Structures are given as structure tokens and as C-alpha cells.
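Here is the structure we will look at.
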Amino acid sequence: MTPKAKKKPEPVRIRLKKNDLVEVTTGKEKGKTGKVLKVFREKNQVLVEKVNMIKRHTRPSPTAGQGGIVEKEAPLNVAKVMLICPKCATPTRFTMTTTAEGKKARVCRKCKELIDG
Ligand SMILES: [Zn+2]
């Protein structure tokens, strides 16, 4: 038996943050929008509120209560989502800039407004 070398996903620079509003651009969840709940940088994945829901069957337990079917979000590849600019409300590409205060901020390529700030 030859153990297959586990290939780590090439880390991409994820510029999305928790609470960002994103739109899914591809796949069966295409067109859905939601808030980023969590970013998994080492896996290039994000968890988006109410997107890519999966059903989990749980057993009754003192911690989980009655058990049954629980719906929860499954992580999506970061390449499948696009940030929605809060200023122009469009899924957008953005660039990085440094503000006058020396902070890194994202700028919408469309309306040129700062996304962070
Ligand atoms: Zn914009």
C-alpha cells in the first residue's frame, strides 16, 4: 500500500471576512446571497449563512436535545462567491488600498468606494 501524499490546497489569499455579504456565482446555489459566518483560510472555504444547507441527522443526547434532522450550512469554496459591495449593492471585484490612517482597506472596483470603514 502506497500512501498517497495528501495534497494541500494551494492557499489563496482570502480577502473575505466574517459578516461580509457575498453572492454565490456558480454551482447549484448560484444567485444566493448571505453573510459570511466563518472563513477557513487553510481550506480556501467560507461558510455562508443559509447557503449550501445540508441535513444532518442527530441522535437525542443531553447536549443536542431531542435529536432529529438539523439543517446547517456546509462550507463553500471561496472561488464560488463574490463580495457584494455595500455601497453599490453589486457583486464586485475589489482592490486593496491603504487608507490615510495606514490601514488596509478594500475598494470596490465599480464605485471606487471603500468597503471597509
Ligand atoms: Zn461598489
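The values are calculated or read from the model by the stated rules, or taken from the named source; none is laboratory data. What you see is a predicted model, and the numbers here were worked out from it, not measured in a lab. Note that we place each Cβ from the backbone using ideal geometry, even for glycine, and neighbour counts take in every protein chain shown. Ligands, DNA and RNA are stripped out before the accessible areas are found, and what is left, the full protein with its side chains, is counted by its heavy atoms. Shrake-Rupley method; radii C 1.70, N 1.55, O 1.52, S 1.80 Å.
Things worth noting here:
- Residues in the chain average 75 Å² of solvent-accessible surface per residue, probe 1.4 Å, ligands and nucleic acids excluded.
- Each label was represented as a point 7 Å from its Cα along the Cα-to-Cβ direction; for VAL12 and LEU37 these points are 2.2 nm apart.
- GNM remark for the chain: springs join alpha carbons under 10 Å apart, and the peak mean-square fluctuation among VAL81, VAL22, VAL70 falls on VAL70.
- Label point of THR90 set 7 angstrom out along Cα-Cβ; within the range 20-50, amide nitrogens under 20 Å from it belong to 21-26, 31-34.
- ASP116/LYS72 FRET efficiency (R0 35 Å; Cβ-Cβ; nearest 0.05): 0.80
- For ARG41, the solvent-accessible surface with a 1.4 Å probe is about 120 Å², rounded to the nearest 10.
- Interatomic Cα distance distribution for the range 57-117, bins of 10 angstrom, percent: 20, 28, 18, 14, 18, 2
- The count of lysine pairs in the range 30-117 with alpha-carbon distances below 16 Å, taking only pairs 8 or more places apart or on different chains, stands at 19.
- For the range 18-68, the calculated P(r), taken from all Cα-Cα distances in 5 Å bins from zero up to the bin holding the longest distance, is 5, 18, 19, 18, 14, 13, 11, 2 percent.
- Apportionment of accessible area to carbon and sulfur, the range 46-117, percent (1.4 Å): 51
- Calculated P(r) tail over 17 Å for the chain, as whole % of Cα pairs: 64
- HN-Hα J in Hz across the range 31-42 - Karplus 6.51, -1.76, 1.60, θ = phi - 60°, x for Gly and Pro: x, 6, 10, x, 8, 6, 8, 7, 10, 9, 5, 6
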